[in-house]
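Working notes for the structure below.
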Amino acid sequence: MSKSSYKVPIGPIHPSLEEPMTFNFEISGEKITSVDLAPGDNHRGIEFMGRNRNIVQIIYLAERICGICSASHPFAFCRAVENAAGIAVPPRAEYIRVIISELERIHSHILWAGVAAHELGFDSVLYLSWKVREEVMDILEILTGNRVNYGIFMVGGVRRDITKEQIPRIKKTLDYYKDSYQKLEDVFLKDPSIALRTRNVGVLTYEEALNLAAVGPTARASGVKKDVRQDQPYSAYADMDIKAITPDMYNGKTKGDVYDRIVVRILEIFQSVQIIEYCINNLPEGDILSEKKIAKLLGTLKKAKGEGVGRHEAPRGEVIHYVKLGEGESPEVWKARAPTYNNLMPWVPMLREQEVADIPIVIASIDPCIGCMDRATLVDSKTYKKQVLTREELRKLSIEKTRRMMQ
Amino acid sequence: MEYMNPKELLSFLKKNLKESIIDSRIETNKAGVKQEEFHNVWFEVKQEKFKETVQLLCSIHYPHIAIIAGIDTGESIDLTYLFSIYYGERFKEISVNIKVSLDRKNPSIESITDIIPGAQTTERETKEMLGVHFTGLPDMHNIFLPYDFPKDIFPFRKDQKGLDKLVQKES
């Protein structure tokens, strides 16, 4: 380490983080020269806990892996178990699963857009976008009973039906989001100061995205057309012609920077609106569960043997669950992988050569829920004098940079 | 781009790896009103030929690694690598799930991080949770466990039942 460089650890914990983690930066002047990632501060050993639970109990455990992807994990887990045990899901349930998952995508992407604006210093945009998000939270509550942790997934189907009376209410929500598209586009994609702060910042090239196994909007913003809904359609997605959204669809070019990640997410919100619209117009009649009696279902699962993989395209990228059913009620192995896991490595090239003031937005750009940072310590390597940068100060640096650029 | 179907893929691998491929199967799933098909290819490969298998996959299409799922059966440590190839086109993706069985006393396998750098996180996790040694993987700090976690305890092995021993060590 040269004398002019500093070590700056950022992290490790903040209550609003889904995965609290530490970033150890090495900084020379204003530029980041290297970064070391150290997650695991909140490793809850969920897979270990799953060893002592039966399959139905694990669904609720999986739901609590993430507060925002609380439809994605149970969806992937149920698919893995259905794959292992050979259980068929009724078509109506497949459509309801997709409706809930896409509503979740809308809420997650808008939540992310708000956080990104907050990191840049546009708090009015944060409030505006979270106000827009309330509508989808309301419809999720009407359909499932909960704003988060929907508790709607079950092996072999879903637990709640969508009634005829609820359909007009869903249509109202969809109309609301169709009307908001222009507003969101104006605020996020046409605003010159957002473009100034995000263009050519945190670039991830196509090759890096491919080599580092990036997933979700992070990969797509770099031009990798990877989307499970397109590559290996499942559930109701197989009936629709879904295409992975890349930034060139919007403005004809793919740069792989933070701006492109905003483009992908904003376009995906409206792709979700179209998917939900298709689903409610073509909702098949019939059962919503292949086996209504839980005790009977558990009996079948106890006898079942084999291994299965369940995949789902969550708002942040592919969620994959691997389940191996063996003797007894609990699975022999349950491996759950969240998208942020694969998007850890791409952070390294994204953060290299960036400025300290860009740390918040680059970290937030993969949507890890680590937009809010706790504290950062600056250690002078010569005098070992400690200077602590609080989260507020770091955010202030980011805001000041925005103001400077606007002048 | 030319696509192999899963049968051709498996026979291509079998032609090159011969008896090293044990116990293979193609699982075909159907989805949607049109009942379109997608495939999962499962097979087990001998430990010494694993890296060659990944290189062969690379010669077809650069594989995306999702995760390594590991299990301690009591006699061996079985790793299942979840790969996928041909992503980017509708209904073209094939999931390739490769199982490798390792000796429990001295579990060791070649690292694939030189071919797929993105595999680093999952290899490091498998290393600290199951105690598998990856040759070629740089010796880095723990990723999910604390830095000062005892080096001879692997939490995801079947003989680890809880935290008792760890608490004792710390006090």
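The values are calculated or read from the model by the stated rules, or taken from the named source; none is laboratory data. What you are looking at is a predicted structure, and each value in this text was computed from that prediction instead of being measured. Ideal geometry is used to build each Cβ from the backbone, glycine not excepted, and the neighbour counts take in all protein chains shown.
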Inset, instruction - Taking only region A:305-321 into account, find how many residues are acidic (D, E) and either more than 10 Å from every other protein chain (Cβ to nearest Cβ) or closer than 14 Å to A:A213 by Cα (or both). - result: 2
Inset, instruction - Evaluate the following for A:I99: is it in contact (Cβ under 8 Å) with a residue 60 or more places away in the chain and not in a helix (DSSP H, G or I)? - result: no
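Of all the helices (runs of 4 or more DSSP H) wholly in region A:252-368, which have at least 3 residues that are within 23 Å of the chain's Cα centre (by Cα)?
On the way: elements: A:258-281, A:294-303, A:339-342, A:347-351, A:359-364.
Output list reads A:258-281, A:339-342, A:347-351, A:359-364.
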Inset, instruction - List every residue pair whose Cβ atoms sit under 6 Å apart, with the two residues 6 or more apart in sequence or on different chains, where the first one lies in region A:167-187 and is of a type in the set (A, V, I, L, M) and the second, anywhere, is assigned to a helix (DSSP H, G or I). - result: A:I167/A:I280; A:I170/A:I280; A:L174/A:V273; A:L174/A:E277; A:L184/A:I266; A:V187/A:V125
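Out of everything in region B:54-80 that is at the interface with another protein chain (Cβ under 7 Å from one of its Cβ atoms) and in a strand (DSSP E or B), what residue ends up being nearest to B:K92 (Cα to Cα)? Break it down into steps so the answer makes sense when it comes.
First, pick out the residues of region B:54-80 that are at the interface with another protein chain (Cβ under 7 Å from one of its Cβ atoms): B:62, B:64-67, B:69, B:71, B:80.
Those left that are additionally in a strand (DSSP E or B): B:64-67, B:69, B:71, B:80.
Details: B:H64: 14, B:I65: 17, B:A66: 17, B:I67: 20, B:A69: 24, B:I71: 30, B:T80: 22 Å.
Looking at the filtered set, the residue picked out is B:H64.
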Legend entry - A:I68 vs. criteria assigned to a loop (DSSP other than H, G, I, E, B), assigned by TED's automatic domain parsing to the domain that holds A:L111, under 30 Å from A:E355 (Cβ atoms) and of a type in the set (A, V, I, L, M, F, W, C): yes
Legend entry - strands (runs of 3 or more DSSP E) fully within region B:88-138 counting 1 or more residues that are in contact with a helix residue (DSSP H, G or I) (Cβ under 9 Å, 6 or more places away or on another chain), within 14 Å of another protein chain (Cβ to nearest Cβ) and buried (at least 17 other Cβ atoms within 10 Å of the Cβ): B:94-103
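Per-residue answers, yes or no, for (1) more than 13 Å from every other protein chain (Cβ to nearest Cβ); (2) farther than 30 Å from A:R169 by Cα; (3) in contact (Cβ under 8 Å) with a residue 40 or more places away in the chain; (4) in contact with a His (Cβ under 7 Å, 6 or more places away or on another chain):
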| residue | (1), (2), (3), (4) |
| --- | --- |
| A:A219 | no, yes, yes, no |
| A:G223 | no, yes, no, no |
| A:D231 | no, yes, no, no |
| A:A244 | no, no, no, no |
| A:P247 | yes, yes, no, no |
| A:N251 | yes, yes, no, no |
| A:R265 | yes, no, yes, yes |
| A:L289 | yes, no, yes, no |
| A:L298 | yes, yes, yes, no |
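Could you tell me which of the residues A:Y181, A:Y177 is under 18 Å from A:I106 (Cβ atoms) and surrounded by 18 or more Cβ atoms within 10 Å (Cβ to Cβ)? Show your work before the answer.
Details: A:Y181 fails: surrounded by 18 or more Cβ atoms within 10 Å (Cβ to Cβ).
Result of the check over A:Y181, A:Y177: A:Y177.
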Inset, instruction - Give just the number: which of (1) modelled with pLDDT under 85; (2) more than 23 Å from the chain's Cα centre (by Cα); (3) more than 14 Å from chain B (Cβ to nearest Cβ) does A:R51 not satisfy? - result: (3)
Inset, instruction - Kindly check whether there is at least one residue in region A:124-136 that is in contact (Cβ under 8 Å) with a residue 60 or more places away in the chain and surrounded by fewer than 21 Cβ atoms within 10 Å (Cβ to Cβ). - result: yes
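Facing chain A (nearest Cβ under 9 Å) and either out of contact with any Gly (no Cβ under 8 Å at 6 or more places or on another chain) or part of a loop (DSSP other than H, G, I, E, B) (or both): which single residue out of B:N16, B:N40 fits that description? Reasoning before the result, please.
Numbers: B:N16 fails: facing chain A (nearest Cβ under 9 Å).
When all the criteria are applied, what remains is B:N40.
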